[in-house]
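One structure is given here, and the rest of the page talks about it.
The values are calculated or read from the model by the stated rules, or taken from the named source; none is laboratory data. Source: prediction; values computed, not measured. Cβ: placed from backbone, ideal geometry, glycine included. Neighbour counts: every protein chain shown. Note: accessible area is taken over every heavy atom of the protein model, side chains too, but ligands, DNA and RNA are not part of it. Shrake-Rupley method; radii C 1.70, N 1.55, O 1.52, S 1.80 Å.
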Amino acid sequence: MIKINCHWYSNEEIKEALEKKGYTIVTLEVSTDPRDYPLYETYALKTEEEPGTLNLLKSVALREFQKKPLLI
């Protein structure tokens, strides 16, 4: 669940909205130790982008859909 503009949205809703905006949603395993439990991260990528911290699903959703109030 991600909170955007005082409303909670599920990961599925965010994925669908970002796919409509042209993003490709990719889930990768990021575990560092083979004995650890699998750790997965979901990325929203435009063409020719590499997965990184700025491309995490939550980061991209906040950047795309968060509306900031106007400054007076």
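In segment 46-72, which residues are open to solvent by 50 Å² or more (accessible area, probe 1.4 Å), under 13 Å from the mean Cα position of the chain (by Cα) and farther than 14 Å from Ile2 by Cβ?
Lys46, Pro51, Thr53, Leu54
Tyr43 is checked against (1) aromatic (Phe, Trp, Tyr); (2) open to solvent by 100 Å² or more (accessible area, probe 1.4 Å); (3) in a strand (DSSP E or B) and fails just one. What number does that condition carry?
(2)
Please work out if Tyr37 is out of contact with any His (no Cβ under 6 Å at 6 or more places or on another chain) and either in a loop (DSSP other than H, G, I, E, B) or of a type in the set (D, E, K, R) (or both).
For Tyr37, the condition - out of contact with any His (no Cβ under 6 Å at 6 or more places or on another chain) and either in a loop (DSSP other than H, G, I, E, B) or of a type in the set (D, E, K, R) (or both) - is met.
Which of the residues spanning segment 3-16 are loosely packed, with under 12 Cβ neighbours inside 10 Å and assigned to a strand (DSSP E or B)?
Scanning segment 3-16 gives Lys3, His7, Trp8.
Going by what's in this entry, would Thr27 be described as in contact with a Leu (Cβ under 8 Å, 6 or more places away or on another chain) and either assigned to a loop (DSSP other than H, G, I, E, B) or among the hydroxyl-bearing types (Ser, Thr, Tyr) (or both)?
No; evaluated as a whole, the condition is false for this residue.
For segment 28-43, does any single residue satisfy the condition of being touching a helix residue (DSSP H, G or I) at 6+ places or on another chain (Cβ under 7 Å) and either at pLDDT 85 or above or among the basic types (Lys, Arg) (or both)?
Within segment 28-43, one or more residues are touching a helix residue (DSSP H, G or I) at 6+ places or on another chain (Cβ under 7 Å) and either at pLDDT 85 or above or among the basic types (Lys, Arg) (or both).
Just the residues that are among the charged types (D, E, K, R) and surrounded by 10 or more Cβ atoms within 10 Å (Cβ to Cβ), please, taken from segment 17-40.
Glu19, Lys21
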